[in-house]
Amino acid sequence: MAEQEDVIELAKRRGFFFGANGAYGGVAGFYTYGPNGAAVKDNLESAWRDRFTVRQGNMEIEAPTIMPEAVFEASGHLDGFDDMLVECPECGESHRADHLIEDNTGIEEAESLPIAEVKELIREHDLRCPTCDTPLADEPVEDFNLMFETSIGPGSGQPGYMRPETAQGIFVEFPRLKEYARNRLPFGVTQIGPAYRNEISPRKGIIRVREFTQAELETFIDPETDEPPLHEVEDVEVRLYSAEAQEADDGGITTTTVGEAVAEGVIASDWVAYYLGVAQEWYQRIGVDTDRFRFRQHLPGELAHYAADCWDAESEVGGDWIEITGFAYRSDYDLTKHADHSGESFTVFKQYDEPKTVERATVDPDMATLGPEFGGDAGAVAEALRTLAERDPDAFDADEVEVEVDGDSYTVDTDVANFSVETVTENGEHITPHVVEPSFGVDRIVYTVIEHAYRVDEVDGEERTYLALDPEMAATDAAVFPLVSNDDRLLDLADEVTADLRAAGLAVEYDDSGSIGRRYRRQDEVGTPFCVTVDRDGIEGDGPDTVTVRERDSARQVRVPVSAVADEIAALLDPETERAFDALAAAYDEIETDVETA
RNA sequence: GCGCCGUUGGUCCAGUGGUAGGACAUUGGCUUCCCAAGCCAAUAGCCCGGGUUCAAUUCCCGGACGGCGCACCA
């Protein structure tokens, strides 16, 4: 089991990631990815994009990271991300002031109260520290919002916030995005980018930070008719830690298939189940250790009020389980919120299979009459007539109808209202799509992939540390070495091979410093899957020049012609071909070495 | 944000009231035909601010950063 400290030390030393701004003492919660880490993260994002955007036929967008206040009023982040904390002067414990009030006064939703009122309530009810019973009446109530606030434009400008999740950037653009999807459900929109949370206490290296990268997919569906292609993943094995198992506290993780979990009702939403299956395969592809991975269902108390079912993908790192992805069925919550706050339409027009013929009561009030009669109230009266016609068409049977506007009663001649019942053809209706959201924490996945790849073994009796990264994730595809550095023929050919491999699009490291063993270890430690070594045996025979290709984990070597080496390595790296090193060994000559790995 | 502990070359550590030493790593050279070998040389450090002192990397105070516990994690 890898010690987290060892992984973090390696990450710092070999340029995966490290605390940012070190020259100025650093700032908690901000990390810089070094050359190797940035490459791994980039590879991970590419693999994500391949699976969740391209192969799903989804659309990727890139929205701004700063958004105006109104967006977060609508999303609920302005209130929901806002904590009021009060600290006990005696024992130093911090408590949520709103929770204290709710627990002790019967007042609900204390969260939305202004600070001054909260302070007053604490005094009034003589609320005390739940830990040590010290009165809190004179203690300051601190307002803490998890969002970074900024100001847009010169002077005081208008308030803006760094987005605390990428999702809102997709939701707010829905009215336009649905056009790009040609108004047809279901469709999915993805986004990869940074999000910001001003965490009270960032911890655990890159696991909990203030600026992080999310990869999110928002799937917009018609809840009535759209079904996921569950058959694609029904046989995928998943390890589930259900709410029931958590409450029973037996630590029981059940290994089952997606299909069974749906059939047994363990996973309530087919859509969520589908993405669990897709994600499971993707996590395996990028090298997450499936024995240190599970899907954990949210407990009833954890669920957001709009979510029917929610699961987290969790990985085990440093002995703890951390959330690396959330899968949520968000219903129409987000789009409805933005529709209400913006006044824009966040619906899709859904055509019926058959047009429906319906009778509809309408009025077309004669404003030329209503205007002079009711003055400024005329518009409201007309609106009230329209509402009445929908609700109670029979009211227009009489000669006069009566409507109420703001408590005042108005009487209108039925003739003036122009009441009629029309037969209209309805071709469909406007519906607000539901949203299914898998939301990936990229940095935590990068960390998981590195820690799960961390290995210590022995080569030739010497301890070796290496990263068994999946080739698709590794920062460098291959390294090229001349076996010894005092022979120009080897140096020249190594240069040539390096150029060939780079021309084939591979990320190649060239190294001629120190002994060959040292160079192998350098590459092992950053997870380079293959090393190509140019030696004299390869250029002194009669046949074409050859080089050796060494596999990282086993240290096995195969002699391959120079002319074929770029293609062969590209094939080894391609997740599609699944060409294994064994196949390479079978096609060429494997070299007998004395090197023992253990 | 609270409490405890810590912070010395790139990394990991030792040490000191008179400005520091090792190991590994890195760079250059020699050597070397396959797994951190050897030889020579080089580069490189006391977290920041204030105080005490003739003198502070060392002692004191504050801060920043890190680890652990608590709280927080919509």
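Overview of results
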| quantity | calculated |
| --- | --- |
| Leading residue by the ranking (surrounded by the fewest Cβ atoms within 10 Å (Cβ to Cβ)) among those in the range A:248-299 that are among the aromatic types (Phe, Trp, Tyr) and touching a strand residue (DSSP E or B) at 6+ places or on another chain (Cβ under 7 Å) | A:Phe293 |
| 1 or more residues closer than 22 Å to A:Ser201 by Cβ and over 19 Å from the mean Cα position of the chain (by Cα): qualifying helices (runs of 4 or more DSSP H) within the range A:1-82 | A:4-13, A:77-80 |
| Tally of residues being under 16 Å from A:Leu240 (Cα atoms) and outside any loop (DSSP other than H, G, I, E, B) across the range A:278-292 | 9 |
| Failed criterion for A:Gly505 (all others in (1) touching a residue at least 60 places away in the same chain (Cβ under 8 Å); (2) near RNA strand B (Cβ under 7 Å from one of its atoms) hold) | (2) |
| Strands (runs of 3 or more DSSP E) (entirely within the range A:90-182) containing at least 2 residues that are of a type outside the set (Lys, Arg) and at pLDDT below 75 | A:94-96, A:141-145 |
| Odd one out for A:Asp500, checked against (1) assigned to a helix (DSSP H, G or I); (2) within 16 Å of RNA strand B (Cβ to nearest atom); (3) buried (at least 16 other Cβ atoms within 10 Å of the Cβ); (4) of a type in the set (Asp, Glu) | (2) |
| Any hit, the range A:341-364, residues being touching a Ser or Thr at 6+ places or on another chain (Cβ under 9 Å), under 30 Å from A:Gly259 (Cα atoms) and surrounded by fewer than 17 Cβ atoms within 10 Å (Cβ to Cβ) | no |
| Out of A:Gly407, A:Gly441, sole residue that is under 28 Å from A:Glu227 (Cα atoms) and of a type outside the set (Val, Ile, Thr) | A:Gly441 |
| Test: A:Arg210 is under 30 Å from A:Asn21 (Cα atoms), crowded, with 22+ Cβ neighbours inside 10 Å and not small (Gly, Ala, Ser) | no |
| Residue within the range A:455-463 that is of a type in the set (A, V, I, L, M, F, W, C) and over 30 Å from A:His338 (Cα atoms) present | yes |
| Neighbours by Cβ (under 6 Å, 6+ apart or cross-chain): first from the range A:59-78, in contact (Cβ under 8 Å) with a residue 24 or more places away in the chain; second part of a loop (DSSP other than H, G, I, E, B) and hydrophobic (A, V, I, L, M, F, W, C) | A:Val71/A:Val172 |
| Residue pairs meeting the criteria (Cβ under 7 Å; at least 6 apart or on separate chains; first in a loop (DSSP other than H, G, I, E, B), in the range A:578-598; second of a type in the set (Val, Ile, Thr) and within 16 Å of RNA strand B (Cβ to nearest atom)) | A:Tyr588/A:Val558; A:Tyr588/A:Val560; A:Val595/A:Val459 |
| The listed residue being out of contact with any Ser or Thr (no Cβ under 9 Å at 6 or more places or on another chain) and either charged (D, E, K, R) or assigned to a loop (DSSP other than H, G, I, E, B) (or both), out of A:Glu216, A:Glu224 | A:Glu224 |
| Failed item in (1) within 15 Å of the chain's Cα centre (by Cα); (2) within 13 Å of RNA strand B (Cβ to nearest atom); (3) among the β-branched types (Val, Ile, Thr), with A:Val189 passing the rest | (2) |
| Unmet criterion (only one of (1) crowded, with 18+ Cβ neighbours inside 10 Å; (2) at pLDDT 75 or above) for A:Gly76 | (1) |
| Conditions (1) closer than 23 Å to A:Ile170 by Cα; (2) under 18 Å from the mean Cα position of the chain (by Cα); (3) away from RNA strand B (no atom under 16 Å from the Cβ); (4) not polar (S, T, N, Q); number of the one not met by A:Tyr329 | (3) |
| Leading residue by the ranking (modelled with the lowest pLDDT) among those in the range A:537-590 that are within 36 Å of the chain's Cα centre (by Cα) and of a type in the set (Lys, Arg) | A:Arg579 |
| Residues satisfying the stated conditions in the range A:197-242, i.e. within 16 Å of RNA strand B (Cβ to nearest atom) and hydrophobic (A, V, I, L, M, F, W, C) | A:Ile200, A:Ile206, A:Ile207, A:Val209, A:Phe212, A:Ala215, A:Leu217 |
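Each row is one residue, and each column tells you yes or no for (1) within 25 Å of the chain's Cα centre (by Cα); (2) away from RNA strand B (no atom under 16 Å from the Cβ).
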residue	(1), (2)
A:Asp270	yes, yes
A:Gly287	yes, yes
A:Arg292	yes, yes
A:Pro300	yes, no
A:Asp309	yes, no
A:Thr347	yes, yes
A:Thr369	no, yes
A:Gly375	no, yes
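To keep it simple, each residue is scored yes or no on (1) over 21 Å from A:Asp42 (Cβ atoms); (2) in a helix (DSSP H, G or I); (3) touching a Gly at 6+ places or on another chain (Cβ under 7 Å).
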residue	(1), (2), (3)
A:Thr448	no, yes, no
A:Thr476	no, no, no
A:Asp492	yes, yes, no
A:Thr533	yes, no, no
A:Pro544	yes, no, no
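Residue by residue, here is whether (1) near RNA strand B (Cβ under 6 Å from one of its atoms); (2) surrounded by fewer than 23 Cβ atoms within 10 Å (Cβ to Cβ); (3) farther than 25 Å from A:Val456 by Cβ; (4) among the small types (Gly, Ala, Ser) holds:
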{"residue": "A:Leu483", "(1), (2), (3), (4)": "yes, yes, yes, no"}
{"residue": "A:Leu491", "(1), (2), (3), (4)": "no, yes, yes, no"}
{"residue": "A:Tyr510", "(1), (2), (3), (4)": "no, yes, yes, no"}
{"residue": "A:Thr528", "(1), (2), (3), (4)": "no, no, no, no"}
{"residue": "A:Asp535", "(1), (2), (3), (4)": "yes, yes, yes, no"}
{"residue": "A:Gly538", "(1), (2), (3), (4)": "no, yes, yes, yes"}
{"residue": "A:Asp545", "(1), (2), (3), (4)": "no, yes, yes, no"}
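The values are calculated or read from the model by the stated rules, or taken from the named source; none is laboratory data. As the structure is a computational prediction, the values presented were derived from the model and not from experiment. Glycine also receives a Cβ, built like all others from the backbone with ideal geometry; neighbour counts cover every protein chain displayed.
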